[in-house]
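Participant: My structure is below; once you've seen it, I'll send some questions.
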Amino acid sequence: MNSSRYILIVIALSFIVAYPYKAYTGEILFAAAYPFEPPSTDPELTIFCGDLWFRSSRTVHIPIGATGQVFYTAKETIFSPYGHWDCYTCLLSGSNTCTSIGNPPVAETSFTLRKGAGPVRLTMTKDSLVCTSPACGPASSQSLTAKATLGDDNNNKRRERDTWNFNGTGGDTILVTLEEDPESGHNGEEATLILRDWANNGSSAIEINTGALPIEIMATLPSDGKYELVVEQHGIAEDVRFRGDYYLSIESSTAEIEEITPTLDVEQ
């Protein structure tokens, strides 16, 4: 496990335990089909899926003839389920593990999990594994999405700021989108989205956009390094200030951005 990512997860989870937070309700079902084609000598297989945040399913046996067995549910948390996923099939064994040295994958597939595109449907054969649903985008074209809440505490009228970090590559053209969660209620409609560069040990704004959600920023990153995305309410009148659940997405032309990382000021 990458040590820096492990430390980040421990810090974030400690923060979640220490402070009250709003439960996320979004769920994405993962289902697998293993068509029976007589005469069949296909082996008994298991399936396993995981993402970049170490979110993963159990290794589950999918019987021959299954038409859509649900084997996992990915839930929206501060660690977004949207983005890169890897799935594997392995021979059914006594240990029922799938990625171990003693039971290497029979087949594997990678995809970008898209927000709002429905369940993940995977089809297995004795030597292949493919995703056949709109939820699975090409792994080479990257779209990462995070979810949080702006101004969730109705008893606190302060203006709020959420800060997210990501590591970018010079020359990469990105599209950042801030949009409301249509399945939850909200007040107001305006917020500010800022893209900042942390080069030379200081932050400088590359683009700033204030307006009614959804709002976008498109920019070409000037160099390799750390970048910051800020979602805030500063300078916006209280009667039009957005308060509620939102999605923050990055589409990358190089597909080299691995994750959007929340800082401790991101409200749960």
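The values are calculated or read from the model by the stated rules, or taken from the named source; none is laboratory data. The structure presented is a predicted model; accordingly, all values stated were derived computationally and were not measured. Cβ sites come from the backbone with ideal geometry, for glycine too, and all protein chains shown count toward neighbours.
Participant: Could you please let me know if E228 is modelled with pLDDT of 85 or more and either under 19 Å from the mean Cα position of the chain (by Cα) or not aliphatic (A, V, I, L, M) (or both)?
Facilitator: Taking the combined requirement at face value, the residue satisfies it.
Participant: What are the residues in the stretch 102-121 that are in contact (Cβ under 8 Å) with a residue 60 or more places away in the chain and within 17 Å of P43 (Cα to Cα), if any?
Facilitator: V106
Participant: Please specify each residue of the stretch 227-238 satisfying the condition of being touching a strand residue (DSSP E or B) at 6+ places or on another chain (Cβ under 9 Å) and either of a type outside the set (V, I, T) or over 12 Å from N165 (Cα atoms) (or both).
Facilitator: Correct list: Y227, E228, L229, E232, Q233, H234, G235, I236, A237.
Participant: So for the stretch 61-79 (the condition being in the same structural domain as S133 (by TED's automatic domain parsing), at pLDDT 90 or above, part of a loop (DSSP other than H, G, I, E, B) and more than 18 Å from R121 (Cα to Cα)), does at least one residue qualify?
Facilitator: Scanning the stretch 61-79, I find no residue that is in the same structural domain as S133 (by TED's automatic domain parsing), at pLDDT 90 or above, part of a loop (DSSP other than H, G, I, E, B) and more than 18 Å from R121 (Cα to Cα), so the answer is no.
Participant: Here's something else I'd like to know. Counting only residues that are modelled with pLDDT under 85 and either under 20 Å from Y34 (Cβ atoms) or assigned to a loop (DSSP other than H, G, I, E, B) (or both), how many does the stretch 90-117 have?
Facilitator: Result for the stretch 90-117: 16.
Participant: Also: Just need a number here: residues in the stretch 231-268 that are under 22 Å from the mean Cα position of the chain (by Cα), among the hydrophobic types (A, V, I, L, M, F, W, C) and within 19 Å of E179 (Cβ to Cβ).
Facilitator: Looking only at that region, the number is 6.
Participant: Would you check which residues across the stretch 45-55 are more than 17 Å from G68 (Cβ to Cβ), surrounded by 13 or more Cβ atoms within 10 Å (Cβ to Cβ) and modelled with pLDDT of 75 or more and list them?
Facilitator: F48, G50, D51, R55
Participant: Scan the strands (runs of 3 or more DSSP E) fully inside the stretch 187-262 and keep the ones with 2 or more residues being crowded, with 16+ Cβ neighbours inside 10 Å and not small (G, A, S).
Facilitator: 190-197, 215-220, 225-232, 243-252
Participant: Take H84 and tell me if it is within 26 Å of D239 (Cα to Cα), modelled with pLDDT under 85 and either among the hydrophobic types (A, V, I, L, M, F, W, C) or buried (at least 17 other Cβ atoms within 10 Å of the Cβ) (or both).
Facilitator: no
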